[in-house]
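To keep things clear, I will list the structure first and then write my remarks on it.
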Amino acid sequence: MNQLTMHQAVQEDVERLADLRALVLYDDLTRLGRYDEVKVRERFRNTFDPIYTWIIQLEGSSVGCVSLKPTAEGALLEHFYIHPDVQGRRIGTEVLQKLLEKDEVRGKRVILNVLQGSRAKHLYERFGFVVDREDEVDVFMSVQLKED
């Protein structure tokens, strides 16, 4: 197991996290012909809410972020970015496990979208997420969590 911790983001994290988003999504967005240096950061800034966002730390160093926002049906999982230098170390698996065990999502539907061709889709499928619909850029997925 990794030595992971998570703490709530603050507004001052916005630019650092927008840069992380640009780095993590660069390859997939470029492959899809959609990478735009400005828009990739603007979308993050426009949807960033520190109240629902956590900074992921590995052994005391920031390595990513994730957001889980309440919706009418349950929750929206978004802005789940792990720095490329530490990808492949099961950090995403550990973080997703922690998020899906939270009381506020128990018995609810969690939705997300992932870019077409993204390796992250396999992570979500391992946790029971299924494809609801897709377009040329995004795959929209969800999972209905049990009450326990």
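The values are calculated or read from the model by the stated rules, or taken from the named source; none is laboratory data. As the structure is a prediction and not an experimental result, all values here were calculated from the model. Using ideal geometry, Cβ is built from the backbone for each residue, glycine included, and neighbour counts are taken over all protein chains shown. These area figures cover heavy atoms from the full protein model, side chains too; ligands, DNA and RNA do not enter into them. Shrake-Rupley method; radii C 1.70, N 1.55, O 1.52, S 1.80 Å.
Total residues in the stretch 85-111 satisfying the condition of being under 12 Å from the mean Cα position of the chain (by Cα) and either basic (Lys, Arg) or in a loop (DSSP other than H, G, I, E, B) (or both): the figure is 0.
Okay, residues lined up against (1) open to solvent by 80 Å² or more (accessible area, probe 1.4 Å); (2) more than 13 Å from the chain's Cα centre (by Cα):
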| site | (1), (2) |
| --- | --- |
| Asp13 | no, yes |
| Arg21 | no, no |
| Arg34 | yes, yes |
| Thr53 | no, no |
| Gln57 | no, yes |
| Gly60 | no, yes |
| Val63 | no, no |
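Every residue, every condition in (1) open to solvent by less than 60 Å² (accessible area, probe 1.4 Å); (2) at pLDDT below 95; (3) under 12 Å from the mean Cα position of the chain (by Cα), yes or no:
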residue: Glu42; (1), (2), (3): no, no, no
residue: Phe80; (1), (2), (3): yes, no, yes
residue: Asn113; (1), (2), (3): no, no, yes
residue: Arg126; (1), (2), (3): no, no, no
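Taking Leu76, is it more than 25 Å from Lys108 (Cα to Cα) and not small (Gly, Ala, Ser)? So Leu76 does not fit the description; no. Quick check on the stretch 128-145. Is at least one of its residues loosely packed, with under 12 Cβ neighbours inside 10 Å, at pLDDT 95 or above and either among the basic types (Lys, Arg) or in a helix (DSSP H, G or I) (or both)? Within the stretch 128-145 (the criterion being loosely packed, with under 12 Cβ neighbours inside 10 Å, at pLDDT 95 or above and either among the basic types (Lys, Arg) or in a helix (DSSP H, G or I) (or both)), the answer is yes, since at least one residue qualifies.
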